Protein chains: 2
Amino acid sequence: MSVIIAIDIGGTQLRVATFSGDSIIPVNVRRTSTRSKEGNVFERLTAALDSIWPAEPVDAICAAIPGPIDPARGVILSAPNIPGWVNLPFADLLAKKYRVPVFLENDANLAAVGEWRYGAGRGHNDLLYLTISTGIGGGIICGGRLLTGAHGLAAELGHLIVLPGGPVCSCGQRGHLEAIASGTAIARYVSEQIAAGRTSSLASDPRITARDVAAAARRGDQLAIEAFANAGKYLGQGVVDFLHIFNPSILIFGGGVSQSGDLLFGPMKQAIEGLVMDKQYLEDLAITTAQLGDDAGLLGALAQARIKLGTG
Amino acid sequence: MSVIIAIDIGGTQLRVATFSGDSIIPVNVRRTSTRSKEGNVFERLTAALDSIWPAEPVDAICAAIPGPIDPARGVILSAPNIPGWVNLPFADLLAKKYRVPVFLENDANLAAVGEWRYGAGRGHNDLLYLTISTGIGGGIICGGRLLTGAHGLAAELGHLIVLPGGPVCSCGQRGHLEAIASGTAIARYVSEQIAAGRTSSLASDPRITARDVAAAARRGDQLAIEAFANAGKYLGQGVVDFLHIFNPSILIFGGGVSQSGDLLFGPMKQAIEGLVMDKQYLEDLAITTAQLGDDAGLLGALAQARIKLGTG
């Protein structure tokens, strides 16, 4: 009976879980906070692993990492939310301690793998996953395999240039999809318009979030509706680029902002219809929201371990 | 000894060639014109095949097609330069006549495969190929496999949106890479600027080509230099998107306009340096021109047949 340990390291919480056979229900699961004053993150991670380590032999560990990694060397290049995790030889450290194979992959890529194997993307071989929350991340399955690139840096779909010279992105460059269509960008759009003198029911909020903007839009606030329409338009433009590049059979949208429904996806679909160069790209194309929610990273790590072991 | 027949159907000429063993030098080759009044293209193709058909058993036929295809069904969806080739069941027609497996793929994809196996891309597993001539085509090798998408329509890299609302593309949409950085677009840029009153040594030419613009630029013509700089800037922007999406280890540029050298690639490299979000994408990244020239399609068809048969 195959035993896998999956790890999902998020910005605020860290989860470890043991899975057995071909089940996706954990035998055991433990969560701890990523940020804490008690010891460092790596110590809290190994303490959590120790606490759930099973009696049976473990076949592999696979971890979802919130930042760029080098999958070949098993190194975390950086993890923006975890100070000190720079060029961390994560796989080696865990492999030395637990003496099992250790795989790692960035969280958006593993969320794509999770949705592909256990979620909204089952049965598809060419899948595009976008997670829209404070930022925009992506993962691609093409021809039944995860796209990683030569050094594990592929599928940075949030950094597609959709408006040359446009708003500044979290990465420092301009006009990226993330800088226009993420939750942060939607909230910023409203704040900037209010600062420029536009009226809105949100004008009195000192710190506007995309969730506030969605609520205001549902109440009929014109600026809030416009903010989602603008984000959706550029999201649609980016999606059209991805259709022409990957010709997927399914688009899956995860992340909190994807809960905004037609506020975002109405304008997105309109942009897609208007900009796609051939209707064939839309034939048999499924467009759907993610099914695994916060479990996408953990189940993606599980799926990836089974793929790497040749059992999934 | 494996015997493969490769077919390359170009806009003006059509070539068929027999290859034996693991050689890339044809045993026999025949060319005919694609456009002619003597019979239709398919009849000229089969006549050429008949004339070189070997005494030994043929293992497979593979054809490079100048237009979108459905690789699963072996159907040519359309071939812009060949009237009447719409939804043509090409693989079935040839398989019925010759009783051998028939594969087909679009010519830019097969040029990528050819460069990967026998040309500038040998040894790479993540390769991006762009051909810049009257249009811009692309092919992607990711993780050691050709990217085709769910219905064979992937890698339309020339149709990346680099300037929303920009110049009209051959496909009818606006602001695509092809509409700004192809040979046609470079020549059009000069013509439009001259029509708007700019001076240039090309002002007296009734019909300007990208080759004329390159020659004028080398003589110091400022408008011609500017035309290549503008194309190179947007080409660089598109390449940066492709780096963030695919993280390739090599970029290969084919097509006539790629012969323009630093006129195009100087501004392109400057744009890449300025727009890439992390220098890691440029580490160990080879940027080179194609090695196979006009043979890329034919040798790509050969390579693809060997891959499909598991012998290459």
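Considering only residues of the range A:283-292 that are out of contact with any Leu (no Cβ under 6 Å at 6 or more places or on another chain) and either in a loop (DSSP other than H, G, I, E, B) or free of Cβ contacts under 8 Å to residues at least 12 places away in the same chain (or both), which is farthest from A:PRO26 (Cα to Cα)?
Among those residues, the one meeting the criterion is A:GLU283.
Could you tell me which residue of the range B:128-151 is nearest to B:HIS244 (Cα to Cα), considering only residues that are at the interface with chain A (Cβ under 8 Å from one of its Cβ atoms), more than 15 Å from the chain's Cα centre (by Cα) and part of a loop (DSSP other than H, G, I, E, B)?
My answer is B:GLY143.
Quick check on the range A:204-212. Is at least one of its residues surrounded by 15 or more Cβ atoms within 10 Å (Cβ to Cβ), more than 30 Å from A:VAL276 (Cβ to Cβ) and among the small types (Gly, Ala, Ser)?
No, the range A:204-212 contains no residue that is surrounded by 15 or more Cβ atoms within 10 Å (Cβ to Cβ), more than 30 Å from A:VAL276 (Cβ to Cβ) and among the small types (Gly, Ala, Ser).
Would you check which residues across the range A:163-173 are hydrophobic (A, V, I, L, M, F, W, C), crowded, with 16+ Cβ neighbours inside 10 Å and either assigned to a strand (DSSP E or B) or more than 7 Å from chain B (Cβ to nearest Cβ) (or both) and list them?
A:CYS169
Return yes or no: is B:ALA301 surrounded by fewer than 22 Cβ atoms within 10 Å (Cβ to Cβ) and either closer than 26 Å to B:GLY123 by Cα or within 14 Å of chain A (Cβ to nearest Cβ) (or both)?
Here the answer is no, as B:ALA301 does not meet what is asked.
Quick check: anything in the range B:15-22 at negative phi, free of Cβ contacts under 8 Å to residues at least 60 places away in the same chain and either outside any strand (DSSP E or B) or surrounded by fewer than 18 Cβ atoms within 10 Å (Cβ to Cβ) (or both)?
Yes: one or more hits.
Sort through A:ASP50, A:ASP8 and tell me the only one that's touching a Leu at 6+ places or on another chain (Cβ under 7 Å) and either of a type in the set (D, E, K, R) or over 18 Å from A:ILE82 (Cβ atoms) (or both).
Only one candidate passes the filter, namely A:ASP8.
So, of the residues in the range A:58-82 that are β-branched (Val, Ile, Thr) and in contact (Cβ under 8 Å) with a residue 24 or more places away in the chain, which turns out to be surrounded by the fewest Cβ atoms within 10 Å (Cβ to Cβ)?
A:VAL58
Picking from B:HIS124, B:HIS159, which residue would you name as being over 13 Å from A:PHE242 (Cα atoms), facing chain A (nearest Cβ under 10 Å) and buried (at least 18 other Cβ atoms within 10 Å of the Cβ)?
B:HIS124
Taking the range B:255-298 only, how many residues are within 14 Å of chain A (Cβ to nearest Cβ) and either of a type outside the set (Lys, Arg) or crowded, with 19+ Cβ neighbours inside 10 Å (or both)?
16
So, B:ASP126, is that one at pLDDT below 95 and acidic (Asp, Glu) or not?
Against the criterion (at pLDDT below 95 and acidic (Asp, Glu)), B:ASP126 does not qualify.
Would you pick out the residues in the range B:25-47 that are among the aliphatic types (A, V, I, L, M) and within 16 Å of B:GLY11 (Cβ to Cβ)?
B:VAL41, B:LEU45
Could you say whether any residue in the range B:227-247 is modelled with pLDDT under 95, within 22 Å of the chain's Cα centre (by Cα) and not polar (S, T, N, Q)?
Looking through the range B:227-247, none of the residues is modelled with pLDDT under 95, within 22 Å of the chain's Cα centre (by Cα) and not polar (S, T, N, Q).
So for the range A:174-182 (the condition being in a loop (DSSP other than H, G, I, E, B) and either within 14 Å of chain B (Cβ to nearest Cβ) or surrounded by fewer than 23 Cβ atoms within 10 Å (Cβ to Cβ) (or both)), does at least one residue qualify?
yes
Hey, can you tell me all the residues within the range A:1-14 that are part of a strand (DSSP E or B) and under 22 Å from A:PHE42 (Cβ atoms)?
Passing the criteria: A:ILE4, A:ILE5, A:ALA6, A:ILE7, A:ASP8, A:ILE9, A:GLN13, A:LEU14.
Within the range A:1-51, track down each residue that is of a type in the set (Lys, Arg) and within 20 Å of A:ALA108 (Cβ to Cβ).
A:ARG15
Given B:ARG35, B:ARG31, which one is part of a loop (DSSP other than H, G, I, E, B), basic (Lys, Arg) and in the same structural domain as B:ALA305 (by TED's automatic domain parsing)?
The unique qualifying residue is B:ARG35.
Using beta carbons and a limit of 6 Å, which pairs, at least six apart or on different chains, have the first residue in the range B:95-113 and part of a strand (DSSP E or B) and the second one of a type in the set (Phe, Trp, Tyr)?
Final answer for the pair search is B:LEU104/B:PHE90.
Look at A:LEU223 and say whether it is part of a helix (DSSP H, G or I), surrounded by 19 or more Cβ atoms within 10 Å (Cβ to Cβ) and assigned by TED's automatic domain parsing to the domain that holds A:LEU130.
Taking the combined requirement at face value, the residue satisfies it.
Being among the hydrophobic types (A, V, I, L, M, F, W, C) and over 18 Å from A:LEU160 (Cβ atoms) is the filter here, so list the residues in the range A:244-264 that pass it.
Result: A:ILE250, A:LEU263.
Which condition does B:SER51 not pass, out of (1) in contact with a Lys or Arg (Cβ under 8 Å, 6 or more places away or on another chain); (2) under 27 Å from B:THR134 (Cα atoms), if it passes all the others?
Unmet condition: (2).
Among residues belonging to the range B:221-254 that are in contact (Cβ under 8 Å) with a residue 24 or more places away in the chain and of a type in the set (Val, Ile, Thr), point out the one that is farthest from the other protein chains (Cβ to nearest Cβ).
Here the answer is B:ILE225.
Quick check: anything in the range A:53-76 out of contact with any Asp or Glu (no Cβ under 6 Å at 6 or more places or on another chain), more than 13 Å from chain B (Cβ to nearest Cβ) and part of a helix (DSSP H, G or I)?
The answer is no; no qualifying residue exists.
The values are calculated or read from the model by the stated rules, or taken from the named source; none is laboratory data. Being a predicted model, the structure only gives us computed values, none of them experimental. Don't worry about glycine lacking a Cβ; one is built from the backbone with ideal geometry, like all the others, and counts go over all protein chains shown.
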